[in-house]
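Novice: Handing you this structure, nothing more for now.
The values are calculated or read from the model by the stated rules, or taken from the named source; none is laboratory data. Here the structure is a predicted model, which means the values were calculated and not measured. Positions of Cβ are generated from backbone atoms using ideal geometry, with glycine treated the same way; all protein chains shown enter the neighbour counts.
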């Protein structure tokens with residue numbers, strides 16, 4: 001605008017020399033204003049044109065940037081799609097049945113170990129590539145799809161150029177013309193070799209697992225039979241040992257001069273008693289196998305312990321064991337199987353005698369006592385002064401086949417605990433810090449007093 005004003009003034013003064021005097025300049029004012037307006041209008045038009053050009057260029061640059069960004073996104077998406085196809089091993093194909101024209105995706109060529117330059121396989125060529133054992137399956141599925149119009153869905157193997165095998169899963173849609181003639185097939189082909197191999201491996205592992213389970217069942221059955229045999233051997237062995245011992249004693253008494261018929265008679269009576277006890281053990285085991293009920297009666301625990309101790313009197317004397325007993329007065333009766341409780345007591349007494357028999361120094365003491373810790377509970381304690389049991393093994397002695405004896409079966413305490421628990425009680429062991437071990441068990445008792 002400043003340039004326009006100055007140029008207009010110079011132009012007036014240059015063309016009209018007298019305009020600057022006697023008011024001539026004012027006479028030229030309309031012309032000056034006209035020039036000034038024209039110059040300003042042209043300047044405004046030029047300025048607007050430049051702004052419009054600048055805005056247009058900015059819009060063009062932004063549009064080009066968006067086009068470039070979209071092109072990159074499309075390229076990235078296409079690359080991701082191709083990568084997904086490659087990882088999923090899925091190819092696409094389209095077959096024009098009328099023109100016999102085939103279109104394959106790059107992944108399809110890779111699945112069939114072909115190059116795009118080779119072109120796709122015609123039906124006859126595809127049949128040659130299919131595994132001989134699967135050709136009938138493929139043809140049957142294709143014919144059913146062509147006849148019914150359903151989805152062509154089939155799995156078959158193809159033979160690779162190197163002689164290997166590849167499993168394919170083919171799913172095709174079939175297009176028919178108005179007359180019902182198939183004119184086009186298009187769909188997917190997927191390489192499922194890894195999945196089929198995994199399924200085959202899984203099936204093989206399932207068969208191996210089934211075989212392992214069958215073997216485990218057989219071993220378990222044998223183990224149970226072994227445990228049962230060991231249990232029978234352990235329980236019957238004790239009365240049989242008594243029979244043999246008393247038989248030898250009877251022979252010695254009868255061989256004496258003169259024969260000691262009284263002692264021999266007592267030995268024979270003990271033989272009969274041990275034989276009856278062995279018979280009762282067998283009967284209880286047979287009843288257990290038949291799921292029969294045990295013969296439970298009301299038992300006086302003090303009397304039962306005294307009877308059982310009498311069976312071990314000879315062993316106590318032979319091993320120089322001092323017996324100490326302490327009976328709780330008016331102990332309530334317990335409902336139990338008398339023979340089974342006697343088995344528990346004999347097991348505990350025999351274990352104590354075994355521990356005391358190897359004791360080289362110190363007194364050999366066997367303490368047996370009964371208590372009534374609660375109104376409806378009877379407790380029996382069998383304690384010895386032997387070598388004791390290591391703390392880490394104090395609970396393991398109740399496990400089947402675990403034993404601290406060189407000739408033991410490891411079944412006695414396991415059976416004893418099972419018997420006590422069957423009667424509603426509890427059996428446990430306590431190892432003393434100095435020497436010896438105490439086995440204790442409790443039994444539910446009848447209310448009221450006893451004998």
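Novice: Within region 96-106, is there a residue that is without any contact (Cβ under 8 Å) to a residue 60 or more places away in the chain and closer than 15 Å to residue 168 by Cβ?
Specialist: Checking region 96-106: at least one residue is without any contact (Cβ under 8 Å) to a residue 60 or more places away in the chain and closer than 15 Å to residue 168 by Cβ.
Novice: Hey, could you check region 306-328 for residues that are surrounded by fewer than 17 Cβ atoms within 10 Å (Cβ to Cβ) and touching a strand residue (DSSP E or B) at 6+ places or on another chain (Cβ under 7 Å) and say which is nearest to residue 362 (Cα to Cα)?
Specialist: Ranking the qualifying residues of region 306-328, first place goes to 322.
Novice: Does residue 94 fit the bill of being surrounded by 15 or more Cβ atoms within 10 Å (Cβ to Cβ) and under 29 Å from residue 179 (Cβ atoms)? Working first, answer last.
Specialist: On the way: surrounded by 15 or more Cβ atoms within 10 Å (Cβ to Cβ): yes; under 29 Å from residue 179 (Cβ atoms): yes.
When the stated conditions are applied, residue 94 passes them.
Novice: Take the residues of region 281-305 that are at pLDDT 75 or above and in contact with a strand residue (DSSP E or B) (Cβ under 8 Å, 6 or more places away or on another chain): which is surrounded by the fewest Cβ atoms within 10 Å (Cβ to Cβ)?
Specialist: So, considering only residues that are at pLDDT 75 or above and in contact with a strand residue (DSSP E or B) (Cβ under 8 Å, 6 or more places away or on another chain), the one surrounded by the fewest Cβ atoms within 10 Å (Cβ to Cβ) is 297.
Novice: Let me ask something else about it. Hey, can you tell me all the residues within region 323-342 that are under 17 Å from residue 427 (Cβ atoms) and not in a helix (DSSP H, G or I)?
Specialist: If the condition is that a residue be under 17 Å from residue 427 (Cβ atoms) and not in a helix (DSSP H, G or I), then 334, 336, 337 are the ones that fit.
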